[in-house]
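The values are calculated or read from the model by the stated rules, or taken from the named source; none is laboratory data. Since the structure is predicted, the reported quantities are computational estimates derived from the model, not experimental observations. Note that we place each Cβ from the backbone using ideal geometry, even for glycine, and neighbour counts take in every protein chain shown.
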Amino acid sequence: MINTRNTERIALRAALGFYLRCSREIASGLGGGDVLRGLIIVAINQANVAHIEPDSGQFATTDQPVPLEERRPISVHALSLDLGIPYETTRRHVKALIESGLCRRVENGVVILPHTIENVSLRLRRNFENVQAFVTDLRRGGVLEPTDEAPLS
């Protein structure tokens, strides 16, 4: 059996690896190489669908993205507060996302457009592989027992 200190170190390494893999996926696939822009797209998407209960059965799979008319906009100010980044930085990135056709400014904020939603869904499916790799790293390091449940595939 490994001691608690080693378990914490192994879990931290696995978590940081997971975080970096996710960041690369978000930056390369959603942010045009810019991690912050990718993070802003993900945050807009999450805010747009936060009102939908995950276990409601509505739009339950990544093949069923939430339609534009069901999305709730988020203001640039709320987005900057949620992410803890300066308003002006957030505004500049959102402006670029709008100009590139990934988001639309609507009354009360911004929403992600349908083709962007499809790209976000694709990236989320790819990041599911990162979750599986994270669990594998934890098992390999002895933090999780081989009998602990794996993520659903």
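Odds and ends about this structure:
- Neighbours by Cβ (under 9 Å, 6+ apart or cross-chain): first from region 56-75, among the small types (G, A, S) and at pLDDT below 65; second surrounded by fewer than 11 Cβ atoms within 10 Å (Cβ to Cβ) and not in a loop (DSSP other than H, G, I, E, B): none
Yes/no per residue for (1) assigned to a helix (DSSP H, G or I); (2) among the aromatic types (F, W, Y); (3) modelled with pLDDT of 85 or more:
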site	(1), (2), (3)
A96	yes, no, yes
E118	yes, no, no
V135	yes, no, yes
L138	yes, no, yes
E145	no, no, no
E149	no, no, no
S153	no, no, no
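Matching residues to (1) surrounded by fewer than 14 Cβ atoms within 10 Å (Cβ to Cβ); (2) not in a helix (DSSP H, G or I):
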residue: A11; (1), (2): no, no
residue: A15; (1), (2): yes, no
residue: L20; (1), (2): yes, no
residue: A27; (1), (2): no, no
residue: G31; (1), (2): no, yes
residue: L36; (1), (2): no, no
residue: I41; (1), (2): no, no
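- Among (1) at pLDDT below 85; (2) crowded, with 16+ Cβ neighbours inside 10 Å - the single one P114 does not satisfy: (2)
- Some residue of region 85-93 being under 15 Å from G38 (Cα atoms), part of a loop (DSSP other than H, G, I, E, B) and modelled with pLDDT of 95 or more: yes
- Taking the numbered list (1) touching a helix residue (DSSP H, G or I) at 6+ places or on another chain (Cβ under 9 Å); (2) assigned to a helix (DSSP H, G or I); (3) surrounded by fewer than 16 Cβ atoms within 10 Å (Cβ to Cβ) in turn, R5 passes all entries but (1).
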